[in-house]
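The values are calculated or read from the model by the stated rules, or taken from the named source; none is laboratory data. If you're wondering where the values come from, they're calculated on a predicted model, not measured in any experiment. A quick note on method: Cβ atoms are made from the backbone with ideal geometry, for glycine too, and the neighbour counts reach across all protein chains shown. These area figures cover heavy atoms from the full protein model, side chains too; ligands, DNA and RNA do not enter into them. Shrake-Rupley method; radii C 1.70, N 1.55, O 1.52, S 1.80 Å.
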Amino acid sequence: IGGLYLRAEAIAQSYREARKALSYQIINGNSGVMEYSAIGIDQLFINLPHEDIVSFIKSIFFPLRQSAKNMDYYLENTLITYINANCSPNQAASELHIHVNTLHQRLKNIEKILNLSLHSADDLLKIQIACHLKNIYPEINEY
């Protein structure tokens, strides 16, 4: 369902929003009725070409995988867990079953590999978006 507007001229806008909501439902394999406004931040990604999304995800996670030994993606998993824990070191360490100091060492290693800082708002947002997109597109796992 597209947005509700007061003027007749906005019918086209509501129709575009309804088409985007339908596309979002199809991409996520969902059925049923959805309001465009319920999509939230994913509105920004609906019309992005799939190749661009894959490229963005790869720019974050591929360097971490390249550094992994024996195909153990512990740095990637550490980063995702840390972001999903709202950047709480204690919660992330607990979920990973590691000491908080080990988590801090891993995060420093991740920052070095990716050449960014998790204390920079721009860098953190970039990581959060990559993790979010990776959750939306779970089929994008092998790169």
ILE39 meets each of (1) in contact (Cβ under 8 Å) with a residue 12 or more places away in the chain; (2) over 22 Å from GLY2 (Cα atoms); (3) of a type outside the set (Asp, Glu) with one exception, condition (2)
Those residues of the stretch 60-72 which are modelled with pLDDT of 85 or more and open to solvent by less than 60 Å² (accessible area, probe 1.4 Å) amount to ILE60, PHE61, PRO63, LEU64
Is one or more of the residues making up the stretch 42-63 in contact with an Asp or Glu (Cβ under 6 Å, 6 or more places away or on another chain), assigned to a helix (DSSP H, G or I) and of a type in the set (A, V, I, L, M, F, W, C)? yes
Conditions (1) closer than 25 Å to ILE129 by Cα; (2) surrounded by 13 or more Cβ atoms within 10 Å (Cβ to Cβ); (3) touching a residue at least 24 places away in the same chain (Cβ under 8 Å) -> ALA18 fails only (3)
Of the residues in the stretch 30-59 that are within 15 Å of ALA130 (Cβ to Cβ) and charged (D, E, K, R), the one that is least open to solvent (accessible area, probe 1.4 Å) is ASP42
